[in-house]
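What follows draws every value from the coordinates through simple rules; no lab data is involved. Just so it is clear, the model here is predicted, and its values are computed rather than measured. Cβ atoms come from the backbone with ideal geometry, glycine included; neighbour counts cover every protein chain shown.
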């Protein structure tokens, strides 16, 4: 039997060799660049769909054979998992790509700030002789003398924690959903409130998923509780941090420096006061904020994993009835 797996909107340009390889001998991959190009016959007869954006309701209504929807990424906050569940279709993600890359990126932002990498590079460009100042490091501390806080001890949070431990940092975690003793397996401490975490840490790195519960989780009250000199890193999802509150906290020196790979609005809103001040290199914020374009996940290896595993998860379910990484189980009263 051959299973038809539909990619209705291809996310990546170039060849389709990776996706085709993920099908093995049992799958038939069908690709389109736009939802508008997918025929009614394909909607009706596909066995699985792999798509990064959600499929709108008007197309979901045409599905009669589809048994699984795979979003080839970690986040699923932009997928209507309840609607898919009502159709009896499990929604699965691909959580096992980019773990190392995002954890590495979090540490890179941290190290760049604490070791003055971008600071010294920019200053030396202005005047390589006069600004040769090796003893000047605005946010420098011995890493092994610092406390590293993690919000969310999932795959990436765990990977970031292990990296921080390798630098000799004292690690503390906040995650109300991990089981008791999870922190003991890693040899780290656990706190049960976000303000407690922020109040004792020199660095806090965010690795939580975006949900109604975590949107603006890091708000003005949390930032006010921060230990003086806090460095905040966010490589998770932009809306977890209240950007207005962060602007005020940096302006008031409640937060010393920040590294952001994600923003509430992407691309960055040039009119937001924090972004505007950063882009203009205003003196009060200069060197204190690093922004990267949601690029933490990207390496050729992680891109391969994302592309291959999306098809692999779909075909494993179709051919073996083995479901992986289902994220809408609470809404799945039956399965097709």
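Restricting attention to the chain, close to 5% of DSSP beta bridges with both partner residues there are antiparallel. If you fit an axis through the alpha-carbon atoms of helix 155-166 and take the longest principal axis of the Cα set of the chain, what angle between them do you get, 0 to 90°, nearest 10? So the helix axis and the longest Cα principal axis differ by about 30 degrees.
In the chain, the longest principal axis of the Cα atoms and the axis of helix 99-114 are about 20 degrees apart.
Computed over the alpha-carbon pairs of the chain, the distance histogram in 20 Å steps reads 29, 50, 21, 1 percent, short to long. If contacts are Cα pairs under 8 angstrom and at least 6 residues apart, what is the relative contact order of the range 99-291 in percent? 18 percent. Label positions at residue 78 and residue 182, each projected 7 Å from the Cα along the C-beta direction, are separated by 2.6 nm. The alpha carbons of the range 8-152 occupy a box of 70, 33, 31 Å along the principal axes, longest dimension given first.
GNM on the chain, alpha-carbon springs under 10 angstrom: the most fluctuating residue among 180, 234, 137 is 180. Directionally averaged projected area (the range 99-291, Cα convex hull): 10.8 nm². Considering only Cα atoms, the convex hull volume of the range 1-43 works out to 59 Å³ per residue. Take the Cβ atoms of residue 57 and residue 135, set R0 to 51 Å, and the FRET efficiency comes out at 0.25.
Please work out the FRET efficiency for the pair residue 253 and residue 216, using the Cβ-Cβ distance as r and a Förster radius of 30 Å; give the result to the nearest 0.05.
0.90
For the chain, adding -39500 (n - 2.57) for each run of n ≥ 4 DSSP H residues and dividing by the number of residues yields -9500 deg cm²/dmol at 222 nm. Compared with the dominant Cα axis of the chain, that is its longest principal axis, helix 117-126 is turned about 60°.
Work out, step by step, the length gained on full extension between residue 321 and residue 271: first 0.36 nm times the residue separation, then minus their alpha carbon distance; give nm to one decimal. Present the calculation step by step, with values, prior to reporting the outcome.
Numbers: separation 50, 0.36 × 50 = 18.00 nm, distance 4.95 nm.
Going from the current span to full extension adds 13.1 nm.
Taking every alpha-carbon pair under 8 Å whose residues sit at least 6 apart, the range 148-207 reaches a relative contact order of 48 percent.
Annotation for the range 253-267 versus the range 122-170: alpha-carbon center distance of 16 Å. Mind jotting down the distance between the C-alpha centroids of the range 200-230 and the range 274-326, whole Å? Rounded to whole Å, the Cα centres lie 20 Å apart.
Packing, taken as the mean count of other beta carbons within 10 Å per residue, orders the peptides 73-82, 253-262 from highest to lowest as 253-262, 73-82.
Pairs of alpha-carbon atoms within less than 8 angstrom and 6+ residues apart define the contacts here; what relative contact order does the chain have, in percent?
So the answer I get is 21 percent.
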